[in-house]
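The values are calculated or read from the model by the stated rules, or taken from the named source; none is laboratory data. Everything quoted here is computed from the prediction, not taken from an experiment. We place every Cβ from the backbone using ideal geometry, glycine too, and count neighbours over all the protein chains shown.
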Amino acid sequence: MGIQLKRVDNGEDKTNPTLWTILTSGPLARRWIGKAAPQVSQLALQSGKNTLLYFRTRGCVICDLIDMRVAAACRNSGVDLIVIDRYSKSDAPEDKEIYNQPGNILDFGGLINSAFQIGIYPSLVLINEAGQIVLKQVGSGKTPPEQFGEYLQDRFSIVLAI
């Protein structure tokens with residue numbers, strides 16, 4: 001009896017994170033702290049600004065529950081937010097229009113996810129004004145979705161001293 005993996009249809013993008021990325025993105029997250037953020041052509045980071053990269057994907061229930069709380073925490077803390085969807089929310093044309101707006105990126109092919117070694121969703125990467133990674137969180141942890149905004153604001157105040 002072997003293990004079989006069922007692939008979820010992700011629309012036009014047929015690429016997936018590697019098994020190594022999935023297995024190590026949580027345990028190795030702390031190694032990113034203090035390192036310069038990777039340079040990726042699809043991701044234009046503004047220097048001199050604290051920026052949260054919020055990695056999410058289609059079908060991520062926790063992502064759907066914390067989306068607005070992440071946005072509110074960033075707004076309340078003066079942190080720029082860039083939402084990076086690994087796969088589009090759906091194949092409907094109206095759902096793809098959001099990626100034409102600033103701060104919303106569809107990572108077709110997974111180049112940004114690969115550069116930051118993201119394989120579990122949601123994942124959060126906070127980059128400080130100097131371009132260094134000061135927080136990498138994989139998953140939402142043990143924090144209930146309804147408290148995630150407050151939790152995230154607390155994390156911002158600790159790592160950014162705001």
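Below, the figures for the structure above:
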read-out	value
Residue check for GLY141: crowded, with 17+ Cβ neighbours inside 10 Å and among the small types (Gly, Ala, Ser)	no
Region 56-82, subset touching a helix residue (DSSP H, G or I) at 6+ places or on another chain (Cβ under 8 Å) and not in a helix (DSSP H, G or I), residue farthest from GLY110 (Cα to Cα)	VAL79
Every residue from region 43-62 that is in contact with a Leu (Cβ under 9 Å, 6 or more places away or on another chain) and crowded, with 19+ Cβ neighbours inside 10 Å	ASN50, THR51, LEU52, LEU53, TYR54, PHE55
Extreme residue, surrounded by the fewest Cβ atoms within 10 Å (Cβ to Cβ), among residues of region 83-94 that are aliphatic (A, V, I, L, M) and within 12 Å of the chain's Cα centre (by Cα)	VAL83
Answer from SER90, SER47 - the residue that is in contact with a helix residue (DSSP H, G or I) (Cβ under 9 Å, 6 or more places away or on another chain) and in a loop (DSSP other than H, G, I, E, B)	SER90
For PRO122: the one exception among (1) farther than 20 Å from ILE33 by Cβ; (2) crowded, with 21+ Cβ neighbours inside 10 Å	(1)
Any hit, region 95-112, residues being within 19 Å of ARG30 (Cα to Cα) and surrounded by 14 or more Cβ atoms within 10 Å (Cβ to Cβ)	yes
Residue in region 41-59 that is modelled with pLDDT of 90 or more, among the aromatic types (Phe, Trp, Tyr) and touching a strand residue (DSSP E or B) at 6+ places or on another chain (Cβ under 9 Å) present	yes
Members of region 93-128 that are hydrophobic (A, V, I, L, M, F, W, C) and either in a loop (DSSP other than H, G, I, E, B) or touching a residue at least 40 places away in the same chain (Cβ under 8 Å) (or both)	ILE105, PHE108, LEU111, ILE112, ALA115, PHE116, ILE118, ILE120, LEU124, VAL125, LEU126, ILE127
